[in-house]
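A short write-up of the structure that comes next.
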Amino acid sequence: MQAFMAWMSGTGVSIFSILITGMILMTPAKTIMSVQQTFAPLERAGKGGSGAKLDLTMQKAVFVAINVAGILFGIYRLSIMGLLPTTSSDWLAFIPAKRYVEFSG
């Protein structure tokens, strides 16, 4: 759904596309922070309700990997919108001015 919304908002820098990109970045980040709460009911319901916990480590790892892919999509979206400093011209303020040893005049 987020990919469709990103496609519909376009690659131009407007308030709508920036808000969509912010949502694309924040939703997976919040979801990664709440992995334990997301999987808690499944761990308790394991093995017939006998109180023994299920080992859901692999499922949690896949869940986190999918959400990291969502964050990477958001970063890619920022890149195609031109909001990430990825070219040398974005860092010109930090390049010292050239000092000439000789000049005529």
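Given R₀ = 35 Å, FRET efficiency for Val68-Ser89 by Cβ-Cβ distance, to 0.05? Don't skip to the end; give the middle numbers.
Values: r = 30 Å, r/R0 = 0.85.
Rounded to the nearest 0.05, the efficiency is 0.70.
The count of lysine pairs in the chain that are at least 8 places apart or cross chains, and whose C-alpha atoms lie under 30 Å apart, stands at 4. Each part gets one Cα centre, and for the stretch 1-18 versus the stretch 53-84 those centres are 18 Å apart.
Rolling a 1.4 Å probe over the protein heavy atoms of the chain, with every protein chain left in place, gives an accessible area that is 68 percent carbon and sulfur.
Computed from point charges on the beta carbon alone (+1 for Lys and Arg, -1 for Asp and Glu), the dipole magnitude for the chain about its Cα centre is near 280 Debye.
For the chain, averaging the sequence separation of C-alpha pairs within contact (under 8 Å, six or more residues apart) and dividing by the residue count gives a relative contact order of 27 percent. Expressed as an acute angle from 0 to 90° and rounded to the nearest 10, what is the orientation of the C-alpha long axis of helix 35-44 relative to the principal long axis of the chain? For 35-44 against the chain, the angle is about 10 degrees.
Please go through the stretch 20-105 and write out the trypsin sites (Lys or Arg not before Pro) that DSSP classes as loop and that have at most 11 other C-beta atoms within 10 Å.
On the way: sites: Lys30, Arg44, Lys47, Lys53, Lys60, Arg77, Lys98, Arg99; in loops: Lys53, Lys98, Arg99.
Passing both the DSSP loop test and the Cβ count: Lys98, Arg99.
Working note: 222 nm ellipticity from helices only, DSSP H runs with n ≥ 4, each -39,500 (n - 2.57), summed and divided by the residues of the chain, gives -19500 deg cm²/dmol to the nearest 500. The simple spin-label model puts a point 7 Å past each Cα toward its Cβ; for Arg99 and Leu54 those points are separated by 6.8 nm. Modelled label positions at Val13 and Thr31, each set 7 Å beyond Cα in the direction of Cβ, lie 2.9 nm from each other.
The values are calculated or read from the model by the stated rules, or taken from the named source; none is laboratory data. The model shown is predicted, which means the values in this text are computed figures rather than measured ones. Cβ: placed from backbone, ideal geometry, glycine included. Neighbour counts: every protein chain shown. Ligands, DNA and RNA are stripped out before the accessible areas are found, and what is left, the full protein with its side chains, is counted by its heavy atoms. Shrake-Rupley method; radii C 1.70, N 1.55, O 1.52, S 1.80 Å.
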